[in-house]
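So the structure is just underneath, and the comments pick up after that.
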Amino acid sequence: QLFLTESGGGLVQPGDSLRLSCVASNRTFNNYAVGWFRQAPGMQREFVAITSNGGSTSYADSVKGRFTISRDSAKNTVYLQMNSLVPEDTAVYYCTADRWRADVFQGIGNFWGQGTQVTVSS
């Protein structure tokens, strides 16, 4: 079993930055693909970013060039650095993990955190 805990959300102004963290309960996490998804009120959950256990990354077009996903294996943690935030980034952000990258990318990974709220507003 793997437990994921997100943190780092908050209320920020347009143009600000935030760094989200996803901490895992054990080191098997380091062998998993890990993704970030987000869900805005009344909207479907959508893919944001993914990192494979080999280090390759991929991003949604809406965040490319602004968001960066990275992993610190020593801390069993994956980060999502979010820069140049805009109101459209407002959502609950979830991390997810699975052995299979394709499952994470499709949003059907086995393990999910509880989410952290990001609100971008002036």
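The values are calculated or read from the model by the stated rules, or taken from the named source; none is laboratory data. Fair warning: this is a prediction, and the values are worked out from it, not measured in the lab. Don't worry about glycine lacking a Cβ; one is built from the backbone with ideal geometry, like all the others, and counts go over all protein chains shown. Areas reflect the complete protein model, heavy atoms only, side chains present, ligands, DNA and RNA absent. Shrake-Rupley method; radii C 1.70, N 1.55, O 1.52, S 1.80 Å.
General remarks:
- Residues in segment 42-55 that are open to solvent by 60 Å² or more (accessible area, probe 1.4 Å) and more than 18 Å from Gly113 (Cα to Cα): Gly42, Met43, Asn53, Gly54.
- Selection of segment 1-21 for residues being part of a loop (DSSP other than H, G, I, E, B) and closer than 11 Å to Gly113 by Cβ yields Leu2, Phe3.
- For segment 22-40, a residue qualifies if it is open to solvent by 10 Å² or more (accessible area, probe 1.4 Å) and outside any strand (DSSP E or B), and the qualifying residues are Ser25, Asn26, Arg27, Thr28, Asn30, Asn31, Tyr32, Ala40.
- All positions within segment 1-52 that are within 12 Å of Gly109 (Cβ to Cβ) and of a type in the set (A, V, I, L, M): Leu2, Leu4, Ala33, Val34, Ile50
- Filter result for the condition that a residue is of a type in the set (Val, Ile, Thr), within 17 Å of Phe3 (Cα to Cα), assigned to a strand (DSSP E or B) and open to solvent by less than 60 Å² (accessible area, probe 1.4 Å), over Val92, Val78, Val104: Val78
- Being without any contact (Cβ under 8 Å) to a residue 60 or more places away in the chain, within 23 Å of Trp100 (Cβ to Cβ) and open to solvent by 60 Å² or more (accessible area, probe 1.4 Å) is a property that Gly65 lacks.
- Residues satisfying the stated conditions in segment 22-55, i.e. within 14 Å of Phe67 (Cβ to Cβ) and hydroxyl-bearing (Ser, Thr, Tyr): Thr51
- Whenever a residue of segment 20-34 is modelled with pLDDT of 95 or more and hydrophobic (A, V, I, L, M, F, W, C), its partners that are assigned to a strand (DSSP E or B) and surrounded by fewer than 17 Cβ atoms within 10 Å (Cβ to Cβ), lying with C-beta atoms within less than 9 angstrom and at least six residues away or across chains, give the pairs Leu20/Ser7; Leu20/Gln81; Cys22/Thr5; Cys22/Ser7; Val23/Thr5; Val23/Ser7; Ala24/Thr5.
- Those residues of segment 107-119 which are over 12 Å from the mean Cα position of the chain (by Cα) and open to solvent by 90 Å² or more (accessible area, probe 1.4 Å), in sequence order: Ile108, Asn110
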